[in-house]
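The structure under discussion appears below in the form of structure tokens.
Readers should treat all values here as calculations from the given coordinates under stated rules, not as data from a laboratory. Keep in mind that what you see is a predicted model, and the values were worked out from it rather than measured. Please note: Cβ atoms are built from the backbone with ideal geometry, for glycine as well, and neighbour counts cover all protein chains shown.
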Amino acid sequence: MLEQGDKFGEWFDKVLKEAEIYDYGRYPVKGVGIWMPYGFSIRKNTLEIVRNELDSTGHEEVLFPMLIPEDLLVKEEEHIKGFRDEVYWVTHGGLEELDVKLALRPTSETSISYMESLWLNSYKQLPKKYYQIVSIFRYETKSTRPLLRLREVTTFKEAHTAHDSFEDADRQVLEAVNIYSKIFDHLGIPYLISKRPDFDKFAGALYTIAFDTIFPDGRVLQIGTVHHLGQSFSKPIDVKVMLKDESIDYVWQTSYGISDRLIASIIAVHGDERGAILPFKIAPIQVVIVPIYFNEEEKEKILSYVKSVKEQLEACGFRVKIDDREEMTPGKKFYDWEMKGVPVRAELGKRELEGNTVLLARRDLKKKTVVKFSDICTEINELGEDIDRNLKDKAWQKMNVRIRKNLKLEESAEYEKRGGVVEIPWCGRDECALKAQEKAGLKALGSPLEPPAWIKGSSCPICGRPAVTSLRLAKTY
Ligand SMILES: [Zn+2]
């Protein structure tokens with residue numbers, strides 16, 4: 001058994017491997033991994049939630065080429081400065097050197113804008129909201145980590161929107177923040193929403209709003225970002241429309257993304273010393289049935305009871321599996337399914353058969369209850385909802401105790417030992433954020449969207465000016 005806290009890295013790698021979620025570090029290319037069938041199902045169910053939230057808010061799914069010609073990628077100056085060191089280039093087709101190098105997309109602002117310059121011509125088409133879920137490539141030079149820092153990010157959900165005014169793009173940013181909040185809420189992942197300092201915004205954006213969560217080791221992981229792009233891309237790529245007053249203007253754009261880190265967070269924030277604990281909503285197997293028998297005569301009757309329980313549950317729409325592996329003891333099976341994070345285990349033996357009952361063990365609280373066979377669907381339904389609620393509440397509690405507000409900067413070094421987020425009063429100026437980072441040895445995450453009430457009357461610890469908001473600092477991934 002591995003503790004999560006201090007040895008989190010080890011715990012995380014072990015769970016990904018033993019639960020057969022993601023095979024990492026064995027394929028002969030650095031920084032890439034393989035979604036195994038069980039992991040792929042978790043990913044698929046998670047993406048269904050993502051797609052539902054986007055589709056129901058007017059986003060349209062598209063699929064753009066993975067290759068971006070160099071002359072298009074370099075059109076926005078800040079953008080290419082931000083990504084230059086990370087781009088993979090295709091330079092040859094067969095033996096021939098290409099006239100124009102092709103980038104493996106690090107993100108798609110330029111390619112989507114290019115096609116928008118052909119597709120959009122009137123304000124009547126706006127707002128336009130596209131998204132795609134694709135692989136992106138970044139040549140990470142920092143040490144790579146499974147699902148957390150990859151060279152091929154396989155689950156990059158990027159949305160790109162176009163608007164007829166600055167204000168409408170501003171409104172879209174808030175809509176995106178709202179959509180992401182809902183997605184994280186569905187999955188029980190706690191988050192902090194911060195407006196990133198100017199020096200840490202997305203390359204080419206006017207401003208960036210980011211979602212962060214705190215991992216069990218106390219370090220902060222960025223799990224989503226939303227950018228107001230202004231006209232930074234539409235001007236050089238010439239995305240123009242006719243406005244209502246018949247004048248012609250460049251569109252205003254936003255983009256927002258989440259990645260494999262979404263799934264990494266599900267594993268990390270809910271897991272325990274026995275392995276993963278999956279929310280009921282996305283678990284590939286919601287109920288695993290383990291038959292328990294001691295002789296051949298029992299076996300036959302119990303297996304037929306097991307079958308009828310499975311059929312009943314499937315008829316109610318649950319994802320169910322019978323673990324009838326002959327060579328394995330029930331104890332070993334329990335260990336296996338606990339590692340995989342299956343939310344509910346049903347144990348069916350002689351007692352259950354005779355009483356027409358089912359013994360249910362929930363993964364999150366390790367509690368057992370006996371229910372009547374006739375009530376099984378209602379019981380599982382309620383149990384599933386309760387598990388998801390409990391996972392979410394616990395995860396938020398664990399995160400909240402790790403956020404310390406109104407701390408003196410001198411105390412932050414002490415706090416760093418416990419990890420989490422330090423929040424200090426701030427004058428709002430970049431230079432003070434940079435100095436605070438240096439002084440505390442932490443990274444500035446930015447400030448909350450609304451200035452918190454507790455800063456009233458306090459001053460910036462760096463320059464002494466009155467605080468207008470707070471600054472969050474943390475050790476990050
Ligand atoms: Zn200051």
In the range 78-187, which trypsin sites (Lys or Arg not before Pro) are in a loop and have at most 14 other Cβ atoms within 10 Å, using DSSP for the loop call? K142
Listed pairs K394/K435; K301/K366; K157/K394; K14/K281; K7/K366 exceeding 32 Å between Cα atoms: K394/K435
Sort 57-69, 226-238, 381-393 by packing, meaning the average of other beta carbons within 10 Å per residue, with the highest value first. 226-238, 381-393, 57-69
Kindly provide the helix-only [θ] at 222 nm of the chain, computed as the sum of -39,500 (n - 2.57) over DSSP H runs of four or more divided by all residues, to the nearest 500 deg cm²/dmol? -11000 deg cm²/dmol
Tell me which aspartates and glutamates have Cα within less than 18 Å of K195's Cα, excluding those fewer than 8 residues away on the same chain? E167, D170, E175, D212, E423, D430, E431, E450
Using only the Cα atoms of the range 8-270, build the gyration tensor, take square roots of its eigenvalues as a ≥ b ≥ c, and label the shape rounded, prolate or oblate: rounded if a/c is under 1.5, else prolate if a/b is larger than b/c, else oblate. oblate
Free-standing Cys, the chain [no other Cys Cβ under 4.7 Å]: C432, C463
Full extension between K44 and D23 adds, at 0.36 nm per residue less the Cα distance, a length in nm of 5.9 nm
Prolate/oblate/rounded label for the range 19-110 (Cα gyration tensor, a/c 1.5): oblate
Please report Rg over Rh for the chain, where both radii come from the alpha carbon positions and Rh follows the Kirkwood definition. 1.03
If we count other beta carbons within 10 Å of each Cβ, what is the order of V177, V421, fewest first? V177, V421
Roughly how far apart, in whole Å, are the Cα centres of the range 145-192 and the range 205-260? 9 Å
Hey, how many Å between the Cα centroid of the range 428-477 and the Cα centroid of the range 75-141? 34 Å
Fraction of beta bridges assigned by DSSP in the chain that are antiparallel (%, nearest 5): 80 percent
Calculate, for K240 and V401, the FRET efficiency according to 1/(1 + (r/R0)^6) with r their C-beta to C-beta distance and R0 45 Å; round to the nearest 0.05. 0.30
Let me make sure I get this right: for the range 96-158, a, b and c are the square roots of the gyration tensor eigenvalues over alpha carbons, sorted descending. Under 1.5 in a/c it's rounded, otherwise prolate if a/b > b/c, else oblate. Which is it? oblate
Within the range 319-362: Cβ-based charge dipole about Cα centre, in debye rounded to nearest 20 (Lys, Arg +1; Asp, Glu -1): 200 debye
